[in-house]
Every structure is written in C-alpha cells, then in structure tokens.
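Data block below; observations after.
The values are calculated or read from the model by the stated rules, or taken from the named source; none is laboratory data. This is a predicted model, so every value here is computed, not measured. In this analysis, Cβ positions are derived from the backbone assuming ideal geometry, glycine residues included, and neighbour counts consider all displayed protein chains.
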Amino acid sequence: MGLAADERRSLSALFEEVGPDAPTLCEGWQTRDLAAHLVVREHRLDALPGILLPALAGRTQRVQDGYAAQPWPELVDRVRRGPSRYWPASIGPLAELTNAAEFLVHHEDVRRAQPGWQPRPPEQARDEQAWRLARQTAKMNLRKAPVGVVLRAPDGRSAAVSSGSPVVTVTGEPVDLLLFVFGRDAVHLTYEGDESAVESLTTAKRGL
C-alpha cells in the first residue's frame, strides 16, 4: 500500500479514537482543524494557495472552518477515503510523493499531543522512508537555520542538510528527525555542538 496509505489509515483510526476536540502539535488546532486541513488539501484546489501564501490564508481558513464544522464521522470518513480519482495527486507514485511526509507527520502530531505518548517501535520500511524524507525536505524546512546541520540515524548514517558554521549534529530515530525538520519539538533527539549553536537551532523557525 505504501507509507502514505498506511499513515492515512492509522491517522483516521486515531481520529475516531480521540474525537474532534483532542489536542495536536499544530499550534491552535484541535483534531477537527487538522482533519479539515487534510480535506482542504485534497479536495479544494481553490483554497490550496492560502496554505502557503499568507495573503490568501483568509479564504483557506474560511473553507477549512466550514469542513471543521461538519459532523465528526463525516469529516473523518473524508480523510480516510482521500481525494477522488480525478484529483491530480491521487495516482500511485504521485500520491506517495505528496502525502507520505504529510500523513506521517500529522499522525504523529496527534499521537504525540496525547498524555503519556511514546515513540512507535522501529519499523524498517517506514523508518527508511522517514530517513529519506527528512533528508529531502531539510533544505527547504531548515532554510532559516542559523547554523550548519547534520542529521544522524542510530545506525550511524549521516547527512549534512544545512550549510553553515558552527555545525550541530542532530541524532535520533528517522521519524523523530523528520518531525524535527518539520518544526516539531515533541521528539527524542540528542544534539552535538556548541551550546549556543544548539540553542539557536532548536529555537529557530523550522518547517514551511
């Protein structure tokens, strides 16, 4: 099925478990807001630009709020079913390309906002893709990093993903590295480097 489909299915089940008013790691969003965001990005081409462009964010917010007000079972079902087959990113490889990081990160946004969360056990296929996605998205997501950044997995693999000096090495499981690159702080990571450099990295804006 692929990572995107697996994470979509797991996130949908978690939505049903925690309900529409549970917290998430997305600032200001409860689960109903996150679910509505996922529906907007897969059903409303007219509202997509506002996800990235502040000048158009007002319209996107209004559309998202409309979905968030729908009955929770209907909204979760929309997330689970995904886009129609006519949606540009609904086809196999393209769906995986556009949705793998999105659904993995947002699944963890819900998981890790709940009391007593723990990292999921290692899973080779998922973790290989998370490592690849962390490296691929780091250049854009860490563009404001004030220092050089090296990502390192527990098996010793490493990747320099942001140039600069001094350099901070961030070590952890691939899913945690991906979440770090996307700006999340609910992660189990270690940092090697000058103390002030580590602080400047961890407090800098990360993500889109």
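For the range 128-144, the criterion of being at pLDDT 95 or above, crowded, with 16+ Cβ neighbours inside 10 Å, of a type in the set (Asp, Glu) and under 19 Å from the mean Cα position of the chain (by Cα) is met by no residue.
For the range 76-85, state whether one or more residues are more than 20 Å from the chain's Cα centre (by Cα) and of a type in the set (Val, Ile, Thr). No, every residue in the range 76-85 fails to be more than 20 Å from the chain's Cα centre (by Cα) and of a type in the set (Val, Ile, Thr). Annotation note: of Glu7, Glu16, the sole residue that is surrounded by 19 or more Cβ atoms within 10 Å (Cβ to Cβ) and either within 15 Å of the chain's Cα centre (by Cα) or in contact (Cβ under 8 Å) with a residue 40 or more places away in the chain (or both) is Glu7.
Of everything listed in (1) crowded, with 17+ Cβ neighbours inside 10 Å; (2) modelled with pLDDT under 95, the single unmet condition for Ser163 is (1). I'd like to know if the range 25-45 contains one or more residues that are in contact (Cβ under 8 Å) with a residue 40 or more places away in the chain, in contact with a helix residue (DSSP H, G or I) (Cβ under 9 Å, 6 or more places away or on another chain), more than 25 Å from Gln129 (Cα to Cα) and among the acidic types (Asp, Glu). Among the residues of the range 25-45, not one is in contact (Cβ under 8 Å) with a residue 40 or more places away in the chain, in contact with a helix residue (DSSP H, G or I) (Cβ under 9 Å, 6 or more places away or on another chain), more than 25 Å from Gln129 (Cα to Cα) and among the acidic types (Asp, Glu), which makes the answer no.
Residues satisfying the criterion are present in the range 35-54 (criterion: in contact with a Pro (Cβ under 8 Å, 6 or more places away or on another chain) and either within 14 Å of Asp109 (Cβ to Cβ) or small (Gly, Ala, Ser) (or both)). One residue stands out in the range 181-205 among those that are part of a loop (DSSP other than H, G, I, E, B) and touching a helix residue (DSSP H, G or I) at 6+ places or on another chain (Cβ under 6 Å): the one that is nearest to Arg132 (Cα to Cα), namely Phe182. With respect to (1) under 22 Å from Ala22 (Cα atoms); (2) out of contact with any strand residue (DSSP E or B) (no Cβ under 7 Å at 6 or more places or on another chain); (3) crowded, with 19+ Cβ neighbours inside 10 Å, the lone exception for Ala113 is condition (2).
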